[in-house]
1. Loop only per DSSP, at most 16 neighbouring Cβ atoms within 10 Å: give me the trypsin sites (Lys or Arg not before Pro) in the range 153-243, ordered by residue number.
2. Can you list which of the GluC sites (Glu not before Pro) found in the range 29-111 are DSSP loop residues with at most 11 other C-beta atoms within 10 Å?
3. Among L159, G129, L140, which residue has its Cα furthest toward the positive end of the charge dipole of the range 88-193, with +1 on Lys/Arg Cβ and -1 on Asp/Glu Cβ?
4. For the range 3-63, run through the trypsin sites (Lys or Arg not before Pro) and keep only the ones in DSSP coil with at most 16 other Cβ atoms within 10 Å of their Cβ.
5. Under the rule of -39500 (n - 2.57) per DSSP H run of 4 or more residues, summed and divided by the residues of the chain, what mean residue ellipticity at 222 nm is obtained, to the nearest 500 deg cm²/dmol?
6. If you place +1 on the Cβ of every Lys and Arg, -1 on the Cβ of every Asp and Glu, and leave all else neutral, what size is the dipole of the chain about its Cα centre, to the nearest 20 Debye?
7. Give the percent of DSSP beta bridges with both residues in the chain that are antiparallel, rounded to the nearest 5.
8. Cα-Cα pairs above 18 Å in the range 103-206: how many percent?
Amino acid sequence: MIPMPALRPWIADVTLMRPDSALPLVHLPDAATALVYRRTGARDGDLRVIGPRSRASYHPGKELPMCIRARLRPGAARPVFGVPVSELRDQAVPLTDLWGDRAARLEHRLNELTAPDPILRGIEDALLGCLHNGADSRDLLLRQAVESLSTTSDRVAALARRLSVSERHLRDAFTDRVGLSPKHFARIQRVRTVLAQAGSAKWAEVASEAGYYDQSHMTADFHTLMGASPAAFRAGRLPATTPCAQPPAAP
């Protein structure tokens with residue numbers, strides 16, 4: 001699914017999912033915050049905010065008629081949901097807890113629809129109303145920092161100097177608007193690079209491309225965030241599942 005052009009600076013991607021109870025739910029580490037609409041019955045559904053995930057989690061499969069997930073780019077969630085994103089970290093929060101009656105009315109409108117595209121348009125219209133003021137200086141700073149930590153091996157101190165801010169200012173901005181420290185954000189981006197490139201080259205080459213010192217560094221970091229080695233995860237040897245209500249342990 002493709003988000004409307006006006007939201008592309010704020011939305012990383014939109015995915016239509018139909019979960020299958022026969023397959024485990026694998027939630028990867030993710031610096032993005034997502035808004036998820038879950039259709040649970042013919043005219044029943046709810047909206048949940050999925051905060052940034054500091055590490056992977058594995059849950060028993062469940063069957064739902066439809067899920068639509070809009071992943072907000074790191075930094076976009078703060079103006080949308082009105083709370084420090086650190087409060088959403090490793091949490092799944094009903095949108096009604098953050099928006100109150102406005103969320104309840106939106107859920108009611110979406111539950112009256114049947115096709116995915118109109119449901120997505122309804123979600124996008126609600127998000128657009130939260131982002132109409134445009135970007136401020138903090139957004140621009142954060143976008144530069146996110147881009148750098150996603151594509152280079154910059155250390156936080158060097159990045160702060162290059163952006164002409166203090167390390168503390170950069171950490172505070174990330175905690176408030178991304179929900180993670182800059183260091184942990186970079187770790188997640190590296191692990192997701194490994195996941196994207198697994199199988200395309202030898203592990204040592206993947207480690208180098210992802211910005212690790214060597215393969216052993218990659219394997220240790222990957223295991224910390226994923227609960228399995230890169231080779232085991234790629235082979236489908238996953239950690240045991242836990243109920244969704246049980247939060248992941250701190251990294």
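The values are calculated or read from the model by the stated rules, or taken from the named source; none is laboratory data. Keep in mind the model is a prediction, meaning the values are calculated, not measured. We place every Cβ from the backbone using ideal geometry, glycine too, and count neighbours over all the protein chains shown. The area values use the complete protein model at the heavy-atom level, side chains included, leaving out ligands, DNA and RNA. Shrake-Rupley method; radii C 1.70, N 1.55, O 1.52, S 1.80 Å.
1. R155, K202, R237
2. E63
3. It is L159.
4. Counting only loop positions with at most 16 other Cβ atoms within 10 Å, the trypsin sites (Lys or Arg not before Pro) in the range 3-63 are R43, K62.
5. Result for the chain, helices only: -13000 deg cm²/dmol.
6. That gives a dipole near 300 debye.
7. 95
8. Tail fraction, whole percent: 63.
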